[in-house]
Structure formats: structure tokens, C-alpha cells
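Reviewing the structure listed below.
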Amino acid sequence: MKVTNTYKQVIASLSIEAVWEVLENTSYIIESYRSITLARGYYGDSVINSIGAMVSMLAGVFIAQQLTLYSILILLVLLEAGMYKLLGDNLTLNIINLIAPRLINK
């Protein structure tokens, strides 16, 4: 089997996503989510949610391979703004909440 850059990118991306899915369901992260968000009843992701996240990530890898860096950055900003407008939540807020919750929750 010939190992291509795409293959390496997919394996690296799947590995990172799988590690995050495991970490995201640890008591530490779950308690962190509960203490800083409206997710008071959150008990972790379901298996189907984790699988959906991995499939979405794979789709993102293949889409990103077709776009320029500039297009990827524009898409990222649009998706984050859309998620915030639609749900009041997005990846950026989750990262900030996990790293420095006092910046958002004053």
C-alpha cells in the first residue's frame, strides 16, 4: 500500500479527534462543562455523537484539501459566527471556557 499525504492526514486527524473524544468524556472535562455553561445535566457524549464528530471531522479534512488557506479561514469564521448566532455556542467559546473560564464568565 502506497502511503500518501492524504492517508497521513486522515490518520493524524482521526487520531487527534479520537483522543479528544476520549478526553471530552472524562470526569474532569464533564465537570468543567457543567460548572461554566448551561450544561448542568451534561453526562458526556453518546457513542453516536462521538461517531458523528469523527465523520464530520473527516469531511472537513477532505473539504479543506480542496480549498485555499484563505478560503478555509473565511469558512471557519463564517461557521463559528453562524454557530454562535444559531446556538449561542461554538468551538471558540468552548476552548476559551476550558482554558480560561473567567474571560467569558465574569
Within the range 47-106, take every residue that is charged (D, E, K, R) and in a helix (DSSP H, G or I) and give me the one that is farthest from the chain's Cα centre (by Cα). Arg102
Only one of Ser27, Ser32 is surrounded by 13 or more Cβ atoms within 10 Å (Cβ to Cβ), of a type in the set (S, T, N, Q) and either closer than 26 Å to Pro101 by Cβ or touching a helix residue (DSSP H, G or I) at 6+ places or on another chain (Cβ under 8 Å) (or both). Can you tell me which? Ser32
Assess whether Ser71 counts as being of a type in the set (Gly, Ala, Ser) and modelled with pLDDT of 90 or more. yes
Does at least one position in the range 45-62 carry a residue that is surrounded by 12 or more Cβ atoms within 10 Å (Cβ to Cβ) and at pLDDT below 80? yes
When you scan the range 35-43, do you find a residue that is in contact (Cβ under 8 Å) with a residue 60 or more places away in the chain and surrounded by 14 or more Cβ atoms within 10 Å (Cβ to Cβ), even just one? yes
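The values are calculated or read from the model by the stated rules, or taken from the named source; none is laboratory data. The structure presented is a predicted model; accordingly, all values stated were derived computationally and were not measured. Don't worry about glycine lacking a Cβ; one is built from the backbone with ideal geometry, like all the others, and counts go over all protein chains shown.
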